[in-house]
Amino acid sequence: MPYRQYKFKFYLNSSHSIIKDGVLRDKHPHTWEISLHIVNIRKEFVPFGKIEKSVEEYFSLYQNKYLNEIKPFDVVNPTLENMADYFKDGLSKILNDLGWVLILLEMSETPSRTYVISLLDDVELSEDQTINAFTDLFLERLKKGNNG
């Protein structure tokens, strides 16, 4: 069964300071671009506005804030990688509750630097496999993992 796949982009305006070599560096702002590649796993229609609103509500906790003062980044170094890893878990839950599966998250702090988390990394793609067949295999393994 082919699944419908979409890519959504969101923007997070915040500031942070990272710890490098044991030293807290200067506070500085970013406009992070966060792209979510998602697959609809239900046959029912889900309005895009509902997805966008839910994700924007999630990011509102961090919007226009100093991340070092907000959990978990008050104890976790708010690097690009740590932020993306943390956001992946929260966004996956939100999307799953709406009938969607997050398959790829891209987070950029500059137009030329993007950190990518692929949930497809555990599934091998052969040369003659279509992306829909690949997604089917991935989702089948996901279902088995949730039921096993």
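Hey, any hits in the range 39-49 for a residue that's open to solvent by less than 80 Å² (accessible area, probe 1.4 Å), of a type in the set (A, V, I, L, M, F, W, C) and closer than 19 Å to Lys9 by Cβ? Spell out how you get there, then give the answer.
To start, the set of residues in the range 39-49 that are open to solvent by less than 80 Å² (accessible area, probe 1.4 Å) comprises 39-41, 46-47, 49.
Those still in the list that are of a type in the set (A, V, I, L, M, F, W, C) too: 39, 41, 46.
With the extra rule that they be closer than 19 Å to Lys9 by Cβ, the set shrinks to 39, 46.
Yes.
When the range 92-117 is filtered for residues that are over 15 Å from His30 (Cα atoms) and either part of a strand (DSSP E or B) or aliphatic (A, V, I, L, M) (or both), the ones remaining, listed by number, are Ile94, Leu95, Leu98, Trp100, Val101, Leu102, Ile103, Leu104, Leu105, Glu106, Val116, Ile117.
Restricted to the range 71-94, and to residues there that are more than 18 Å from Phe8 (Cβ to Cβ) and among the aromatic types (Phe, Trp, Tyr), the residue that is least open to solvent (accessible area, probe 1.4 Å) is Phe73. Close contacts from the range 50-70, counting a first residue that is more than 20 Å from Leu98 (Cβ to Cβ) and hydrophobic (A, V, I, L, M, F, W, C) and a second that is surrounded by 15 or more Cβ atoms within 10 Å (Cβ to Cβ) and modelled with pLDDT of 95 or more, with Cβ to Cβ under 6 Å and a gap of 6+ residues or different chains, come to Leu67/Ser14; Leu67/His16; Leu67/Phe73; Leu67/Pro78. The residues of the range 14-34 that are of a type in the set (S, T, N, Q) and open to solvent by 30 Å² or more (accessible area, probe 1.4 Å) amount to a single one, Thr31. One residue is enough: does the range 95-106 have a residue meeting the conditions open to solvent by 40 Å² or more (accessible area, probe 1.4 Å) and at pLDDT below 95? Checking the range 95-106: at least one residue is open to solvent by 40 Å² or more (accessible area, probe 1.4 Å) and at pLDDT below 95.
May I ask you to verify whether Asp21 is on the phi > 0 side of the Ramachandran plot and over 15 Å from the mean Cα position of the chain (by Cα)? Taking the combined requirement at face value, the residue satisfies it. Among the residues of this structure, Tyr66 does not count as one that is touching a helix residue (DSSP H, G or I) at 6+ places or on another chain (Cβ under 9 Å), open to solvent by less than 50 Å² (accessible area, probe 1.4 Å) and more than 13 Å from Glu106 (Cα to Cα). Val116 fulfils the conditions (1) surrounded by 18 or more Cβ atoms within 10 Å (Cβ to Cβ); (2) farther than 17 Å from Asn13 by Cα; (3) of a type outside the set (Asp, Glu) except for a single criterion, (1).
The values are calculated or read from the model by the stated rules, or taken from the named source; none is laboratory data. It should be emphasised that the depicted structure is a prediction, and the values quoted were computed from it without experimental measurement. When we count neighbours, we look across all protein chains shown, and the Cβ atoms used for this are built from the backbone with ideal geometry, even at glycine. Side chains are part of the model used for accessible areas, which takes the heavy atoms of the whole protein and leaves out ligands, DNA and RNA. Shrake-Rupley method; radii C 1.70, N 1.55, O 1.52, S 1.80 Å.
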